[in-house]
Amino acid sequence: MVDRRSDDPLSTINRSPSTTLWGMKLYTKTGDGGTTGLYGADRVSKANIRVEAYGTVDELNSAIGLARAHGPSPEMDADLEYLQNALFDVGADLATRSGTTYERKLSRMDEQDVTFLEAMIDRYQESAPPFTGFVHPGGTPVAASLHVARTVARRAEREVIRLLHEEDANAHVQVYLNRLSDLLFVMARAANQAAGIGEHAWLVKGRR
């Protein structure tokens with residue numbers, strides 16, 4: 001995660017104990033003109049593809065939080081909490097351009113992060129029914145929420161791919177989001193399996 005120091009452009013914001021988070025005002029007014037600051041002081045449009053990408057990662061984090069609110073098993077809840085922390089790392093990675101001062105303070109996503117997700121996928125696959133084809137998203141509130149989260153992960157991945165086409169970014173982030181979507185899918189199936197909820201397979205037109 002990024003370490004905020006005195007050279008952080010946000011460190012000069014006025015402080016008020018009643019309206020601060022980490023000593024920073026919740027409203028800064030610096031974005032009222034439609035721009036936002038990347039780590040390293042660059043200001044870009046809020047419609048910038050980089051902002052779209054890390055904004056969608058934030059949306060993904062919230063979707064996982066909703067799944068946790070529905071009361072998954074203790075093991076799954078701990079894994080989802082880990083993923084939420086990791087997504088803050090992903091967001092910081094996307095918000096930091098290469099070559100900036102802040103890059104030295106950042107631990108970028110790498111192949112080890114991807115491998116860790118793959119091990120989690122394998123673990124949850126053991127608790128899920130055999131995969132035979134497309135299934136309807138749904139089931140328990142936990143599983144349905146995880147299905148929503150995995151589709152947000154896919155959208156975040158697509159936006160990172162567009163970012164990679166336009167400027168320099170960490171390609172490991174795209175792979176990480178791809179694996180994360182797979183993980184959330186298998187977690188949803190495992191949650192339904194644990195609750196004794198059967199899956200409904202896609203019935204091709206003409207067979208329904």
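The values are calculated or read from the model by the stated rules, or taken from the named source; none is laboratory data. Predicted model, so just to flag it, every value in this text is computed and none were measured. Using ideal geometry, Cβ is built from the backbone for each residue, glycine included, and neighbour counts are taken over all protein chains shown.
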Those residues that are assigned to a helix (DSSP H, G or I), surrounded by fewer than 16 Cβ atoms within 10 Å (Cβ to Cβ) and not small (Gly, Ala, Ser), I need them from segment 165-174; list them, please. His165, Glu166
Only one of these is modelled with pLDDT of 65 or more and touching a Ser or Thr at 6+ places or on another chain (Cβ under 6 Å): Tyr27, Tyr39. Name it. Tyr39
Among the residues of segment 66-91, which ones are farther than 18 Å from Arg179 by Cα and among the charged types (D, E, K, R)? Arg68, Glu75, Asp77
Do you know which residues across segment 79-113 are outside any loop (DSSP other than H, G, I, E, B), farther than 15 Å from Leu184 by Cβ and β-branched (Val, Ile, Thr)? Thr96, Thr101
If I filter segment 104-148 down to residues being of a type in the set (Lys, Arg) and touching a residue at least 60 places away in the same chain (Cβ under 8 Å), which single residue comes out as surrounded by the fewest Cβ atoms within 10 Å (Cβ to Cβ)? Arg108
If we keep just the residues of segment 178-208 that are farther than 22 Å from Met120 by Cα and of a type in the set (Gly, Ala, Ser), which is surrounded by the fewest Cβ atoms within 10 Å (Cβ to Cβ)? Gly206
Mind checking whether some residue in segment 57-65 is at pLDDT 95 or above, assigned to a helix (DSSP H, G or I), farther than 14 Å from Leu177 by Cα and among the polar types (S, T, N, Q)? yes
What tally of residues in segment 78-94 results from selecting those that are more than 20 Å from Gln174 (Cβ to Cβ) and surrounded by 15 or more Cβ atoms within 10 Å (Cβ to Cβ)? 2
